[in-house]
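A.B. asks: Let me begin by handing over the structure; questions about it come next.
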Amino acid sequence: MDVAQALVMAMQTWGMIGALVAAVFLTIGIDRIDEDARGAYIFRPLLIPGVLLIWPIVLWRWWQIETERAPWANRYRPVRASYGLAIIAMSIGIVVIVITGLSVRQTWPADIAPVQLTEGAGQ
């Protein structure tokens with residue numbers, strides 16, 4: 001088995017486990033951990049792609065809330081605490097991307113004369 005086949009198999013396995021977690025979580029689990037989601041079935045298909053990708057986090061949070069290891073007031077504190085760092089990182093990233101883009105932009109060769117395109121040349 002080469003590297004490409006191993007990567008494809010790993011992604012397929014990840015997706016299958018994610019699909020199983022999404023099916024169980026969106027039919028049983030979401031009602032148990034979020035009382036606002038009870039009876040709201042229309043939005044659940046919208047959550048499937050996200051659960052497919054981050055199923056380990058979904059399982060971890062579901063386990064924390066079910067076992068009451070995360071008190072209700074602290075459920076969202078870890079997520080909110082990282083917002084400030086994410087804003088700073090994204091701001092710095094945008095500035096770095098713009099500066100890098102401006103510093104490595106291409107210059108046109110000086111020895112090539114411009115050619116005017118004629119109408120209908122592409123037809």
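The values are calculated or read from the model by the stated rules, or taken from the named source; none is laboratory data. Treat the numbers as computed from the prediction; the structure is a model and nothing was measured. Counting neighbours? That spans all protein chains shown, and the Cβs are built from the backbone with ideal geometry, glycine included.
A.B. asks: Quick one: how many residues across region 27-50 are over 15 Å from residue 65 (Cβ atoms) and of a type in the set (A, V, I, L, M)?
C.D. replies: The qualifying residues number 5.
A.B. asks: Please go through region 32-55 and give me each residue that is closer than 23 Å to residue 15 by Cα and in a helix (DSSP H, G or I), ordered by number.
C.D. replies: 44, 45, 46, 47, 48, 49, 50, 51, 52, 53, 55
A.B. asks: Can we say residue 66 is surrounded by 12 or more Cβ atoms within 10 Å (Cβ to Cβ) and acidic (Asp, Glu)? Give the derivation first.
C.D. replies: On the way: surrounded by 12 or more Cβ atoms within 10 Å (Cβ to Cβ): yes; acidic (Asp, Glu): yes.
Yes: the conditions hold for residue 66.
A.B. asks: If the Cβ limit is 7 Å and pairs must be 6+ apart or interchain, which residue in region 33-58 that is not assigned by TED's automatic domain parsing to the domain that holds residue 19 pairs with which residue that is in a loop (DSSP other than H, G, I, E, B)?
C.D. replies: No pair meets every condition.
A.B. asks: For region 69-78: of the residues being assigned to a helix (DSSP H, G or I) and surrounded by fewer than 10 Cβ atoms within 10 Å (Cβ to Cβ), which is modelled with the highest pLDDT?
C.D. replies: Within region 69-78, the match that is modelled with the highest pLDDT is 72.
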